[in-house]
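Everything on this sheet refers to the single structure shown next.
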Amino acid sequence: MTKGTSEKESQLAIELEPVMSTNANLARFKKEKIEHLLGKAARSPVQQQAAARSSVQGNEKYEQLMSAVVDLAKTVHESNTTRPTFNHQQGSQLGDNNIVQVKELRGALAAAVKGFTGVTDIRFCKLVIWHMLLSTDSLLTKRDEIMTAMKKWAREEGVQIEEDFMLEKQWFTDLLAGDFTRGEPCATEHNISRGMSPQWLLPVSYDYKRLKEDEEQAADSTESTRTLAERLELQSVGLRPPPETLEELKLLVTTCAALLFVLFGKGCGLYKKMMGIYVELKSAASNRVKKILPILTIRQWYWEICQDWRRYFHQRCMVSDFEGGVLPLFP
């Protein structure tokens, strides 16, 4: 029987009086009634067949869903291993164990970069800076990214670097063309400001930077109308005075190491040599004689560093060096 209850209680209450009976039909009725009250109503044969079909269909849908998930995971994995990656935390990624593939870095330039980095697979170069260098970003943006990465390295190494240098448009042109030494293994007064050279890292004045930036903007707007003489004139680079003191030379050496680290990572042989030179220059013996070192000696040391750069980048790896399963002879 039923009886009314409050709103907070169930609207239906059933009271069953205990009945002693051995009747099988009555026992089955009581069992079905209790199961119904507990939400476990017995299924008819038709309901059981429908439930079986639903279970089979559910299993098929589950298998289809899992198959789609596996395919999606494979697609994401392949995309992550082939897609170029670049972010502004490059300072912490350069030289570490992260794998960054620069998709646009191919052919002779990729072989040269692998050689100077000391790896056989471009995915292990860990050089996120190259994706930016090969992009269509402005030279101002590229300079800022390089300087940011160099400052990051300097902070982590606890050293100072020169910040008043300027990597001009000609430097970017030579670098991205893979023309690191202009084909000459020795530094001369004619090629000292071309390709990979410490000369680019010497300080220039603020006025010189602004003048060169204005020239670059004007050159971009007149790219299709310039004569040969005008093109050659735009390739001229202002003279940069070499270091004259031991402190200036040490500052140049750390700046050279920072740029090499940003471009080629800690596996670069020339980067290791620059760090070795810095250790020697800051030693106690060097500090004792720094006040009596003649300017000529400082400049001779600087010129020898320029020669080291020229000799190092002249011995580049080619595409064929990475074929045949034989490790190349790295510079």
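All of the numbers you see were taken from the coordinates with simple rules; none came from a lab. Bear in mind that the values here come from a model prediction, so they are computed numbers and not experimental data. In this analysis, Cβ positions are derived from the backbone assuming ideal geometry, glycine residues included, and neighbour counts consider all displayed protein chains.
A few points about this structure:
- Flagged links, alpha-carbon separation over 26 Å, of LYS114/LYS250; LYS142/LYS282; LYS151/LYS273; LYS142/LYS212; LYS151/LYS209; LYS152/LYS250: LYS114/LYS250; LYS142/LYS282
- Full-stretch length increase - GLU216, ASP121 - with 0.36 nm per residue and alpha-carbon distance subtracted: 30.7 nm
- Each residue of segment 242-254 was assigned a 3J(HN,Hα) from its phi angle through the Karplus curve 6.51 cos²θ - 1.76 cosθ + 1.60 (θ = phi - 60°); the sequence is x, x, 10, 10, 5, 5, 5, 5, 4, 5, 5, 5, 5 Hz, with glycine and proline shown as x.
- Additional length obtainable on full extension of the chain from LEU167 to GLU244, 0.36 nm per residue less Cα span: 25.6 nm
- Evaluating 6.51 cos²θ - 1.76 cosθ + 1.60 at θ = phi - 60° for every residue in segment 108-119, the Karplus couplings come out as 4, 5, 5, 5, 5, 5, 4, x, 6, 8, x, 10 Hz, glycine and proline recorded as x.
- 16 Å cut-off, amide nitrogen to a point 7 angstrom out along ILE292 Cα→Cβ, residues in segment 240-269: 246
- Working from label points 7 Å from Cα in the Cα-to-Cβ sense, the VAL326 to SER283 distance is 3.9 nm.
- In order along segment 176-181, phi translates into HN-Hα couplings of 6, 8, x, 9, 7, 10 Hz, rounded to whole numbers, per the Karplus curve 6.51 cos²θ - 1.76 cosθ + 1.60 with θ = phi - 60° and x for Gly and Pro.
- When each of TYR312, TYR271 is scored by the number of other beta-carbon atoms lying within 10 Å, the sequence from fewest to most is TYR312, TYR271.
- Only the Cβ atoms of Lys and Arg (+1) and of Asp and Glu (-1) were treated as charged; on that basis the dipole of segment 138-322 about its Cα centre amounts to roughly 760 debye.
- Placing R0 at 30 angstrom, the Cβ-Cβ distance between GLN300 and GLN160 gives a FRET efficiency of 0.80 after rounding to 0.05.
- Relative exposure of PHE116, PHE322, judged by other C-beta atoms within 10 Å (fewest first): PHE322, PHE116
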